[in-house]
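Since the structure comes first, as structure tokens, the remarks are kept for the end.
The values are calculated or read from the model by the stated rules, or taken from the named source; none is laboratory data. All values derive from a computational prediction rather than experimental measurement. All Cβ positions, glycine included, derive from the backbone under ideal geometry; neighbour counts span all protein chains shown.
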Amino acid sequence: MSIIIMLGAICAGITATSVTGLDALSRATDEIKASGDEMRLGARLNRLVVELLRDEYRLAANPADLPEVLPSIATSRDTLSTNLAKIKETADPEQMRLLTDFEAALSLYKTQLEQTLALARQINAKGAVGYHQDILSSVENSAVAARKLQELSVKYTAYTDDKASRLSDDASQLAERRAVQLIAAAVVGIVVGLLLGWLMSQFGIVRPVTAIVACLRGLADGKLDTEVYGTDRKDEVGQIAATADVFKRNLLHSRAMEREAKEAEARSQAEKRAAMLALAGRFESQVGVIVNDVGGAATELQATAAQLASAVEEVGAQCNAVAGASEEASANVQTVASASEEMSASIHELAERVSRAAARSKAAAEGANLAQTQLDSLSAAIEQVDQIVASINAVASQTNLLALNATIEAARAGEAGKGFAVVAQEVKNLANQTHAMTEQIGNQIAAVKSASGRTVEAMRAIITQVEEIDRSTAEMAASVEQQSAATGEISRNAQQAANGTAEVSSNVAGIQQAESETSAATHSVKEAADQLAERASSLKREVDQFLSEVRVA
């Protein structure tokens, strides 16, 4: 733009010189034209004097032509006065002196003309013949005055012709001088324009743009500590430098966000792994103990049921020792009742622990959902980075457009804009490189988005597994409830057995009925113990599988 302004100023100077020269030539032309008009009017003065003198000779030859001659004389005299007034408007001092002498001679001629007209009137009025010689003498006197006017007219015309020649020569010399001045101004303007254009292109465009290109190459090579040259400039180079500085800041921001994203992902993975391992440890330490207690209680219950069956068989075989056997059976039934109560308490405690495990599973699911929310926030941040990259790409496109406009302006400037066209092409290449780099950054962001998507899918899988653990815990709680009901059944059966032994002790006659009821109760106890042992084993397998899945995840 500075080069264009400078060239415009040079052209304006040349134009001003041209206008000044043309104005001077126009004035000289006007003066030459005025001199031509003066010569034409001077020649007309001479012709009018000749016409007046001719009319006088006509009167001298035939005074009777006076009526016809008077209008011609009046017209010639008026025209002579009018032309004389016009000539005096543009006359110089010498011309004014000649015209003054002409007016004095004209006054004498007019006086002599009036005498000739008066004689012609007398001749026409009186018809006198003697006046003919008088009118001839008057005409001769008028001829003498007319010749004086003609001499003055010739002098005026000769002077005016010399004046016109001088003006023409002056105009020619002025034209030559102005032509030389225009050529000199054009040569000086072209030389100064080329010199200033070269200096401005070297120090105002080429070197700053080369420095900016070097900075951008350093940034492209990963040297993010590179200082961008020219950010303090206020011209187009400063705008390019500001764009490069924005690119540098965005690149630094992108690198920082990428580093933070990797660190956040690593922390998230570590925290998730630690949380899952801690959850598995707590679950194993709490639920595992409960499962083992249930298994031990089931084994003890099976042993007790076997002992109870043996006691019943012994009661049937030793009916004669009913009293002693009934006491022993009563003691055994009391033992079974105590064991049932202990097992019921253990199962109740197991139910509470299972409830706590279910609550922890729910908390784990909520933590996993929170992690997924954070991953969604990370995806949104990545989308913002993608938008920033798109903005950089838009700036690169605008820079490319500016370079294209600069190339067009340089082409309009002709030879003086060739260097600027090379610089504009370099800026255009730089904008294309910026566009390519933003595409690479966009590809990297797409890869990060893909990895983030896979992380989200993995987290959803973890949430699904935690929900399955929650369902398994609920099923285990239901199993514990069933075991609690079975334990209550065992306790009731043990109470019935105790009542039976009491009846045996009080009434030996009903021992057979009591033995039958005790046998049935023993079978129920054994079935409940077998069922409890089977469910305890199933619960242990489910817990082991749950812990394995949690630790693997």
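Among 148, 155, 163, which is part of a helix (DSSP H, G or I), modelled with pLDDT of 85 or more, buried (at least 18 other Cβ atoms within 10 Å of the Cβ) and of a type in the set (Lys, Arg)? I'd like the intermediate steps shown before the answer.
Working: 155 fails: buried (at least 18 other Cβ atoms within 10 Å of the Cβ); 163 fails: modelled with pLDDT of 85 or more.
After ruling out the rest, the residue left standing is 148.
Exactly one of (1) within 55 Å of the chain's Cα centre (by Cα); (2) modelled with pLDDT under 70; (3) not charged (D, E, K, R) is unmet by residue 312. Its number?
It is condition (1) that residue 312 fails.
Looking only at the range 405-417, which residues are at pLDDT 70 or above and either loosely packed, with under 15 Cβ neighbours inside 10 Å or not hydrophobic (A, V, I, L, M, F, W, C) (or both)?
405, 407, 408, 409, 411, 412, 414, 415
Quick test for you: out of 184, 211, pick the one residue that is assigned to a helix (DSSP H, G or I), without any contact (Cβ under 8 Å) to a residue 60 or more places away in the chain and within 30 Å of the chain's Cα centre (by Cα). Walk me through how you get there before you give the answer.
Values: 184 fails: within 30 Å of the chain's Cα centre (by Cα).
When all the criteria are applied, what remains is 211.
Which one of 216, 182 is under 30 Å from residue 20 (Cβ atoms) and touching a helix residue (DSSP H, G or I) at 6+ places or on another chain (Cβ under 8 Å)? So that I can check it myself, show each step before the final result.
Numbers: 216 fails: under 30 Å from residue 20 (Cβ atoms).
Residue meeting the stated conditions: 182.
Only one of these conditions is not met by residue 205: (1) of a type in the set (Val, Ile, Thr); (2) buried (at least 18 other Cβ atoms within 10 Å of the Cβ); (3) outside any helix (DSSP H, G or I). Which number is it?
Result: residue 205 passes all but (3).
Looking at the range 249-257, is at least one residue at pLDDT below 80, out of contact with any helix residue (DSSP H, G or I) (no Cβ under 9 Å at 6 or more places or on another chain) and not in a helix (DSSP H, G or I)?
no
Within the range 88-107, count every residue that is in contact (Cβ under 8 Å) with a residue 40 or more places away in the chain and in a helix (DSSP H, G or I).
Our first condition is that a residue be in contact (Cβ under 8 Å) with a residue 40 or more places away in the chain; within the range 88-107, this holds for 90-92, 94-95, 98-99, 101-102, 105-106.
The next check asks that each one be in a helix (DSSP H, G or I); those that pass are 94-95, 98-99, 101-102, 105-106.
Total meeting the criteria: 8.
Take the residues of the range 251-268 that are basic (Lys, Arg) and closer than 14 Å to residue 224 by Cβ: which is surrounded by the most Cβ atoms within 10 Å (Cβ to Cβ)? Break it down stepwise before answering.
Within the range 251-268, the first condition is being basic (Lys, Arg), and the residues that meet it are 255, 259, 262, 267.
Add one more test, that the residue is closer than 14 Å to residue 224 by Cβ, and what stays is 255, 259.
Working: 255: 12, 259: 10.
Here the residue is 255.
Hey, does the range 199-212 have a residue that's at pLDDT 75 or above, of a type outside the set (Asp, Glu) and under 30 Å from residue 255 (Cα atoms)?
yes
Conditions: (1) surrounded by fewer than 18 Cβ atoms within 10 Å (Cβ to Cβ); (2) within 30 Å of residue 246 (Cα to Cα). Residue 191 meets all but one. Number of the miss?
The single condition residue 191 does not satisfy is (2).
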